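Data first, discussion second: the structure below is written as structure tokens.
Just so it is clear, none of the values below were taken in a lab; they were calculated from the coordinates. Keep in mind that what you see is a predicted model, and the values were worked out from it rather than measured. Every residue, glycine as well, gets a Cβ built from its backbone with ideal geometry; the counts of neighbours run over all protein chains shown.
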Amino acid sequence: MIFSSLAGRGNREGMVRPIGTGGKAEELSRDQIRRLDRCLTGSRTALRDRALIYLGLGSGMRIGELARLRWEDVAPAGKVLSRIVLEKHSTKSGESRTVAISSQAREHLSKYRQSLSSSSERPSGPLFPHRVHPTRPMGSNGACKLLTRLFTQAGIPNASSHSLRRTHANALRRQGVDLKVIQEQLGHSSLSTTERYFVVDPLEKQRAVDLVRF
């Protein structure tokens, strides 16, 4: 299956938006995430790629923010942090913010870190290095191309790097997290921008209405 995202529109983050979806990348289902994970089985870069995917799903960071991370940001003392401080030079808004990281994402980051270091050394430099120039970060375009290829292999249409961010936002909303908290986690200056990320499932709406009693 060929993704419409392969012929989508790019933006300054290097992200590709799929055509035919109103410019919005679709939220990923649990089944799609499992299929994406299975595509990595046997790959020599499986631990790195899982770390990238689950960090996106477990933090809601923009692809450009993920691609610019360094080990010093994520595990400065050798242990993966539960909160990452993004400096203003690495954010879209130009303002620093603190991003909470899910325990699942931290587990994958820890496995990735352990695969790169010995007991006496810790990895340093880019968290996701460039394939040809390992002292440089992978960059937004490289990360987008990687995710597009993996989505294609998993047979997931209408997905892009932005799908990780939208999936994170909707997962928080369904857990009843306050919209202001989600806004701060995503780094939006406006709550209306955050609200545009949400997908309303008709069944979810019906379940909510069924709870109404007078």
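Using the Karplus curve 6.51 cos²θ - 1.76 cosθ + 1.60 with θ = phi - 60°, work out ³J(HN,Hα) for each residue of segment 68-79 in order, rounded to whole Hz, and write x for Gly and Pro.
Once θ is set to phi - 60°, the couplings for segment 68-79 become 8, 5, 10, 4, 5, 6, 9, 9, x, 10, x, 10 Hz.
Under a point-charge model restricted to the Cβ atoms of Lys and Arg (+1) and Asp and Glu (-1), what is the dipole moment magnitude of segment 67-214 relative to its Cα centre, in debye to the nearest 20?
Numbers: 24 positive and 12 negative charges, 48 e Å.
Charge dipole of segment 67-214: 240 debye, to the nearest 20.
Amide H of R97 versus every other amide H placed in the peptide plane: which residues, excluding those fewer than 5 positions away on the same chain, fall under 5 Å?
Sorted by chain and number, the residues that satisfy this are L86.
Report the dimensions of segment 4-210 along its three principal axes from the alpha-carbon atoms, largest first, rounded to Å.
58, 34, 32
Over segment 4-210, what relative contact order in percent results from Cα pairs under 8 Å that are six or more residues apart?
Working: 312 pairs, mean separation 56.9, N = 207.
It rounds to 27 percent for segment 4-210.
Less than 9 Å Cβ to Cβ from P137, Lys/Arg counted +1 and Asp/Glu -1: what total charge do the surrounding residues give? All intermediate terms of the calculation are to be shown ahead of the outcome.
Details: positive: R68, R70, R136; negative: none.
Overall, the nearby charge balance is +3.
Which one of G56, T45, H108 is farthest out on the positive end of the charge dipole of the chain, using unit charges on Cβ (Lys, Arg +1; Asp, Glu -1) and the Cα centre as origin?
Positive-most Cα among the choices belongs to T45.
Using 0.36 nm times the number of residues separating L116 and L191, minus their current alpha carbon distance, what extension gain do you get? Working shown, then result.
Numbers: separation 75, 0.36 × 75 = 27.00 nm, distance 3.95 nm.
Stretched fully, the L116-L191 segment lengthens by 23.0 nm.
Using the beta-carbon distance between E184 and V212 and R0 = 30 Å, what value does 1/(1 + (r/R0)^6) give for FRET efficiency, to the nearest 0.05?
Details: r = 31 Å, r/R0 = 1.02.
About 0.45, to the nearest 0.05.
Neighbouring Cβ atoms within 10 Å as the yardstick, rank R97, R166 fewest first.
Details: R97 17, R166 22.
Going from sparsest to densest Cβ surroundings: R97, R166.
For M138, which sequence-distant residues (separation of 5 or more, or a different chain) have an amide H within less than 5 Å of its own amide H, given hydrogens modelled in the peptide plane?
The list, which skips near neighbours in sequence, is F128, H130.
Name the residues whose placed amide hydrogens come within less than 5 Å of the amide hydrogen of R70, ignoring near sequence neighbours (fewer than 5 apart) on the same chain.
L127
Applying the Karplus parametrisation 6.51 cos²θ - 1.76 cosθ + 1.60 with θ = phi - 60° to the phi angles of segment 89-97, what ³J(HN,Hα) value in whole Hz is obtained for each residue in order, glycine and proline being reported as x?
Once θ is set to phi - 60°, the couplings for segment 89-97 become 6, 10, 10, 5, 6, x, 10, 6, 7 Hz.
Only Cα pairs under 8 Å and at least 6 apart count here; give the relative contact order of segment 63-168 as a rounded whole percent.
On the way: 124 pairs, mean separation 29.0, N = 106.
Relative contact order here is 27 percent.
Would you list, by chain and number, the aspartates and glutamates whose Cα falls below 18 Å from the Cα of K111, excluding same-chain residues fewer than 8 positions away?
Correct list for K111: D37, D49, E72, D73, E121.
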